[in-house]
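A short worksheet on the structure shown next.
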Amino acid sequence: MRLSRVARTAAAASLCVVAALLAPTATAHAAAAAPGDTVTLPVRDALHALPVQEESRAGYTRNKFRHWNAGLLADGCDTRAEVLKSEAVTAPEQKAKCVLTGGLWYSAYDDQYLDSARKLDVDHLVPLAEAWDSGASGWSTKEREAYANDQDDPRALIAVSASSNRSKSDQDPGTWLPTFEGYRCQYVTDWVADKTRYGLSVDVSEEAALSETLSRCPNEPITVTLAR
């Protein structure tokens, strides 16, 4: 079950304490980890463990990542709507065919509160095109669908203002970071966690931008359940 972004923020401090105790063991075994295993290691170590490779967008089309699917709950809502419901600061009213009315959301990319689901996009933190470029081109159709609708890791999908999401588009941190500077450390930390979860690579400029940004952030332990 997805936790609300507010609840996850409140739990972050205690998670870091526990994760820090586990990090040495997890780091030692990270290389041998298999899909389904959970690993914990400092985010800078996780970044350094990602393969650095050139990226290619050859053959990419957005429809190669089926989304949004029916989601995790048999409530008539698709994944997008489920994310919107789980991340609402004030819960919206759910009407027929999962139409959401009312409610209030916080967009971390640009530090805004929004009062309508129509003003939000559900963003793939690591965009679909970026995932394709850095490894997903070799996945099966079902694996790409699972990535595009991932609700098992709350970092994968985030409800943000439509304007900030469209500004980001399919860019990586080498060319785009959230306009709200107070969220940038969390953003790049979650980016590394998401790439670690799926075994995705980084390119040279992306790695440099992540490393430079993380040098100004706490070396926070991340805990990741590997999808691949």
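If you take the residues in the range 95-153 that are polar (S, T, N, Q) and touching a strand residue (DSSP E or B) at 6+ places or on another chain (Cβ under 9 Å), which one is most open to solvent (accessible area, probe 1.4 Å)?
Applying the first criterion (polar (S, T, N, Q)) to the range 95-153 yields 101, 107, 112, 116, 134, 137, 140-141, 149, 151.
Okay, now just the ones that are also touching a strand residue (DSSP E or B) at 6+ places or on another chain (Cβ under 9 Å), so 101, 107, 112, 116, 134, 149, 151.
Details: THR101: 46, SER107: 0, GLN112: 76, SER116: 31, SER134: 6, ASN149: 14, GLN151: 14 Å².
It comes out as GLN112.
Out of (1) in a loop (DSSP other than H, G, I, E, B); (2) at pLDDT 95 or above, the odd one out for ASP45 is which?
Among (1) in a loop (DSSP other than H, G, I, E, B); (2) at pLDDT 95 or above, ASP45 violates only (1).
Give the range 165-209 a look and list any residue that's under 16 Å from VAL122 (Cα atoms) and buried (at least 16 other Cβ atoms within 10 Å of the Cβ), or say none.
Step one: of the range 165-209, the residues under 16 Å from VAL122 (Cα atoms) are 165-171, 178, 187, 190-191, 194.
The answer is ASN165, LYS168, ASP170, PRO178, TYR187, ASP190, TRP191, ASP194.
Restricting the range 76-91 to residues that are outside any helix (DSSP H, G or I) and open to solvent by 50 Å² or more (accessible area, probe 1.4 Å), which is farthest from PRO154 (Cα to Cα)?
To start, the set of residues in the range 76-91 that are outside any helix (DSSP H, G or I) comprises 76-78, 88-91.
Going one step further and asking which of them are open to solvent by 50 Å² or more (accessible area, probe 1.4 Å), we end up with 76, 78, 89-91.
Values: GLY76: 21, ASP78: 16, VAL89: 16, THR90: 18, ALA91: 18 Å.
Among those residues, the one meeting the criterion is GLY76.
Residue check: is ALA70 more than 22 Å from TYR187 (Cβ to Cβ), among the aliphatic types (A, V, I, L, M) and surrounded by fewer than 18 Cβ atoms within 10 Å (Cβ to Cβ)?
On the way: more than 22 Å from TYR187 (Cβ to Cβ): yes; among the aliphatic types (A, V, I, L, M): yes; surrounded by fewer than 18 Cβ atoms within 10 Å (Cβ to Cβ): yes.
So ALA70 passes the test.
Looking at LEU72 and the list (1) more than 17 Å from PRO154 (Cα to Cα); (2) in a loop (DSSP other than H, G, I, E, B), which single condition is not satisfied?
Against the list (1) more than 17 Å from PRO154 (Cα to Cα); (2) in a loop (DSSP other than H, G, I, E, B), LEU72 comes up short only on (1).
What helices (runs of 4 or more DSSP H) lie completely within the range 155-228 and have 2 or more residues being modelled with pLDDT of 95 or more and acidic (Asp, Glu)? Write out each step before concluding.
Values: elements: 162-168, 184-198, 204-214.
The helices (runs of 4 or more DSSP H) meeting that bar are 184-198, 204-214.
The values are calculated or read from the model by the stated rules, or taken from the named source; none is laboratory data. Only a predicted model underlies this, so the values are computations on that prediction, with no experimental measurement involved. Cβ: placed from backbone, ideal geometry, glycine included. Neighbour counts: every protein chain shown. For the accessible areas, the whole protein counts, side chains as well, though only heavy atoms, and no ligand, DNA or RNA atoms are used. Shrake-Rupley method; radii C 1.70, N 1.55, O 1.52, S 1.80 Å.
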